Amino acid sequence: SSETFWTTTGMFPQEFIIGFPKCVKISRVAIQCYLVRTLRIERSMSKDPVGFEQCIEKDLQHTEGQLQMEEFPLPDFQATYLRFIIKSAFDHFVSVHRVMAEGT
């Protein structure tokens, strides 16, 4: 829902994990967030959310008063879990408004 969002508690790093019912092929991940400075995405192909490996780490552009919209193409990428780690921010609190994963 565009009316809801997840917000941090003020200290960094902060993280959240998205799980899929089984290992899936992902071709692209997109995120809409606010005031995120450095974002890392990790994956796990395990049955449980363990054994994560880093896939992407990126410094995002500061967009004053607007949501940041970032897309990450992931060719030949499989995951059962995605862990999003907000390593740093442009303010004490940030928000994540939408995460989209495309694939099969």
Filtered residue count, the range 1-41, keeping only those that are open to solvent by less than 50 Å² (accessible area, probe 1.4 Å) and either touching a helix residue (DSSP H, G or I) at 6+ places or on another chain (Cβ under 7 Å) or not in a strand (DSSP E or B) (or both): 3
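For every residue, the table says whether it meets (1) modelled with pLDDT under 95; (2) within 13 Å of the chain's Cα centre (by Cα).
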{"residue": "6", "(1), (2)": "yes, yes"}
{"residue": "38", "(1), (2)": "no, yes"}
{"residue": "42", "(1), (2)": "no, yes"}
{"residue": "45", "(1), (2)": "no, no"}
{"residue": "49", "(1), (2)": "no, no"}
{"residue": "66", "(1), (2)": "yes, no"}
{"residue": "78", "(1), (2)": "no, no"}
{"residue": "91", "(1), (2)": "yes, no"}
Residue list for the range 64-92, filter: surrounded by 13 or more Cβ atoms within 10 Å (Cβ to Cβ), charged (D, E, K, R) and farther than 17 Å from residue 13 by Cβ: 70
Condition check for residue 84: at pLDDT 95 or above, part of a strand (DSSP E or B) and of a type in the set (Phe, Trp, Tyr): yes
Pair list, Cβ < 7 Å and 6+ apart or interchain, from the range 64-77 residues that are outside any strand (DSSP E or B) to residues that are surrounded by 10 or more Cβ atoms within 10 Å (Cβ to Cβ): 67/32; 67/33; 67/34; 67/97
Residue that is least open to solvent (accessible area, probe 1.4 Å), among those in the range 49-63 that are within 30 Å of residue 22 (Cβ to Cβ) and assigned to a loop (DSSP other than H, G, I, E, B): 52
Considering residues of the range 22-81 that are of a type in the set (Asp, Glu) and out of contact with any Asp or Glu (no Cβ under 8 Å at 6 or more places or on another chain) only, the residue farthest from residue 6 (Cα to Cα): 76
Scan of the range 87-101 for residues that are of a type outside the set (Ser, Thr, Tyr), within 16 Å of residue 61 (Cα to Cα) and in a strand (DSSP E or B), ordered by number: 87, 89, 96
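The values are calculated or read from the model by the stated rules, or taken from the named source; none is laboratory data. As the structure is a computational prediction, the values presented were derived from the model and not from experiment. Glycine also receives a Cβ, built like all others from the backbone with ideal geometry; neighbour counts cover every protein chain displayed. Ligands, DNA and RNA are excluded from the accessible area calculation, which covers all protein heavy atoms including side chains. Shrake-Rupley method; radii C 1.70, N 1.55, O 1.52, S 1.80 Å.
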